[in-house]
Amino acid sequence: MRRIIFTLILIMTAVATPALAGTVAAQSNENTTETPAPSTPEVDRTIELSETTSITNWRFDNGTFYVTFDVDVPTRVAITDAGKLSRILSEGEGEAAGKARMRRLTLTPGMTTVKFNAEDFNGASAVTISSSNADGIVALRSDAVRAGNPPVKWGTANALVGGAAIVTAAGTFRYVKKKREDKEMTAERLL
């Protein structure tokens, strides 16, 4: 029985030791590795809604989208608060209804900048834009939506599993040892 317990402890230790060592190695690599700052290339913010309508520039500042349109012919444009739509789609359970803000306007030929306040949803805001002569919609966002809890790092998961294995092995050893001590054993010699 002692061999079995000893073997169990050795196996648990063998499983847990690399996990703990990997965690330490990962932490030391994180501290010493320097990544060079990526150079930010100039981003072309022109988005074509149709042959006659395009978004030449856009930016997000303090809850507000500023969208600059370049229109060749009079065009009807609709801007919808996608952050509010996301909130409606994700909150609660079962069937539900909700209302999101939408702004429709007619743009005349030339450059026009439109200002639209958007609702924050999980750390991000977004709008969708469509025009009367477009074959689809455009989505603009301030950042990616943070969904749920952040993922657990691999080293942390290994450390937790290794720790649980060690605690389980130690508990099993103490339990078996106590049972053996409680049980009085006698040996008789048979002739």
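The values are calculated or read from the model by the stated rules, or taken from the named source; none is laboratory data. Values in this document were obtained by computation on a predicted structure and should not be read as measured data. In this analysis, Cβ positions are derived from the backbone assuming ideal geometry, glycine residues included, and neighbour counts consider all displayed protein chains. Please note that ligands, DNA and RNA were not included when accessible areas were found on the heavy atoms of the full protein model with its side chains. Shrake-Rupley method; radii C 1.70, N 1.55, O 1.52, S 1.80 Å.
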- [ ] Report, by residue number, each residue of the stretch 124-136 that is within 25 Å of the chain's Cα centre (by Cα) and either free of Cβ contacts under 8 Å to residues at least 40 places away in the same chain or assigned to a strand (DSSP E or B) (or both).
- [x] 124, 126, 127, 128
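Each row is one residue, and each column tells you yes or no for (1) open to solvent by 50 Å² or more (accessible area, probe 1.4 Å); (2) closer than 30 Å to residue 160 by Cβ; (3) modelled with pLDDT of 75 or more.
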{"residue": "18", "(1), (2), (3)": "yes, yes, no"}
{"residue": "23", "(1), (2), (3)": "no, yes, no"}
{"residue": "37", "(1), (2), (3)": "yes, no, no"}
{"residue": "66", "(1), (2), (3)": "yes, no, yes"}
{"residue": "88", "(1), (2), (3)": "no, no, yes"}
{"residue": "104", "(1), (2), (3)": "yes, no, yes"}
Task: Test result for residue 78, in contact with a Lys or Arg (Cβ under 6 Å, 6 or more places away or on another chain) and within 16 Å of residue 139 (Cβ to Cβ) - done: yes
TODO: Please specify each residue of the stretch 141-167 satisfying the condition of being open to solvent by less than 70 Å² (accessible area, probe 1.4 Å) and either among the small types (Gly, Ala, Ser) or modelled with pLDDT of 85 or more (or both).
DONE: 142, 144, 155, 157, 159, 162, 163, 164, 165
Open item on the list: If I ask for residues that are in a loop (DSSP other than H, G, I, E, B) and of a type in the set (Ser, Thr, Tyr), which ones from the stretch 74-123 would you list?
Closed with: 108
